[in-house]
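Structure first, then comments.
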Amino acid sequence: MAIKSIQFNQHTLDISYEILNPEAQVDLIILHGWGSNKNLMKKVFSPYMDTFRHIYIDLPGFGNSTCNLALTTKDYARVVELLMVHLNASKDIIMGHSFGGKVALLLEPSVLVLVSSAGIYVPKSIKVRAKIALFKFLKIFGLTKFREFFVAPDAKKLSEPMYQTFKNVVNENFADEFSNFKGKALLCWGKEDTATPLSSAKKINKLIKDSSLLTYEGDHYFFMNNAKDISQNIEKTFLKTLEHK
């Protein structure tokens, strides 16, 4: 594990990363989801794809990376780009799980691997909308101390900068960004995913012209039991890009 200090918007962010197969010529950048970290992704994917240089990154505010300001998804992409410059890394293949998928998309790699990616807006249930309305009503009377009873599980116990960041990124609709992506995309999804449902995968598959969709048994973390097959398909997808050059 290593840490690089990145200067961003007059703040210093310490970004933790780890590189495997450092002599490999093709870069594979792997980005985790919200509330996760690089160690989970490394544990799952490090046994595979040994012809690629794996770069595992803790996104700002997660794992061993710091975050002392509110960020947007575009900010996250820019921070990753700045780290890539330091690592002399290329945008050959970038994989992103959940929130990391949106960051990966904005980086515009040659091969985009979306693993149960966020980015398609899913309307909130009546129950959730009612909770939001009640919290806004209480906020008028200064009763924000009850916030933890109303915020999403992913937002509880966050620092103030990270809570603001969560609010910035949670309800984004990246339909236009998916539609404008010009590279090759591989979509991998869990059939029982409720966080980013399979319906989102089907929409993304239609929006990205050169994309393919693979489905697996499992939920939002289906990839933990299917890493070998996902890895083999990533390798096949990358070879196809070489054939067309």
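The values are calculated or read from the model by the stated rules, or taken from the named source; none is laboratory data. Only a predicted model underlies this, so the values are computations on that prediction, with no experimental measurement involved. Backbone-built Cβ (ideal geometry, glycine too); neighbour counts: all protein chains shown. These area figures cover heavy atoms from the full protein model, side chains too; ligands, DNA and RNA do not enter into them. Shrake-Rupley method; radii C 1.70, N 1.55, O 1.52, S 1.80 Å.
Looking at the stretch 66-83 only, could you name the residues that are touching a strand residue (DSSP E or B) at 6+ places or on another chain (Cβ under 9 Å) and either open to solvent by 10 Å² or more (accessible area, probe 1.4 Å) or not aliphatic (A, V, I, L, M) (or both)?
THR66, CYS67, ASN68, LEU69, ASP75, TYR76, ARG78, LEU82
If you check THR66, THR144, which single one turns out to be closer than 22 Å to THR165 by Cα, of a type in the set (S, T, N, Q) and modelled with pLDDT under 95?
THR144
With respect to GLY100, determine if the residue is in contact with a His (Cβ under 8 Å, 6 or more places away or on another chain) and of a type in the set (Gly, Ala, Ser).
yes
Among the residues of the stretch 19-65 satisfying the criterion of being in contact (Cβ under 8 Å) with a residue 12 or more places away in the chain, of a type in the set (D, E, K, R) and in a helix (DSSP H, G or I), which is most open to solvent (accessible area, probe 1.4 Å)?
LYS42
Say we look at the stretch 1-18 and pick out the residues that are polar (S, T, N, Q) and under 26 Å from GLY119 (Cα atoms); which of these is most open to solvent (accessible area, probe 1.4 Å)?
So the residue we want is ASN9.
Looking at the structure I just gave you, is LEU213 within 20 Å of the chain's Cα centre (by Cα), open to solvent by less than 100 Å² (accessible area, probe 1.4 Å), within 20 Å of LEU28 (Cα to Cα) and modelled with pLDDT of 95 or more?
In short, yes.
A quick yes/no check of all residues on (1) surrounded by 20 or more Cβ atoms within 10 Å (Cβ to Cβ); (2) closer than 22 Å to LEU28 by Cβ; (3) not hydrophobic (A, V, I, L, M, F, W, C):
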{"residue": "THR165", "(1), (2), (3)": "yes, no, yes"}
{"residue": "VAL170", "(1), (2), (3)": "no, no, no"}
{"residue": "LEU186", "(1), (2), (3)": "yes, yes, no"}
{"residue": "SER200", "(1), (2), (3)": "yes, no, yes"}
{"residue": "PHE222", "(1), (2), (3)": "yes, yes, no"}
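Spot the failing condition for THR215; the list is (1) in a strand (DSSP E or B); (2) of a type outside the set (Gly, Ala, Ser); (3) in contact (Cβ under 8 Å) with a residue 40 or more places away in the chain, and only one is missed.
Among (1) in a strand (DSSP E or B); (2) of a type outside the set (Gly, Ala, Ser); (3) in contact (Cβ under 8 Å) with a residue 40 or more places away in the chain, the lone unmet condition for THR215 is (3).
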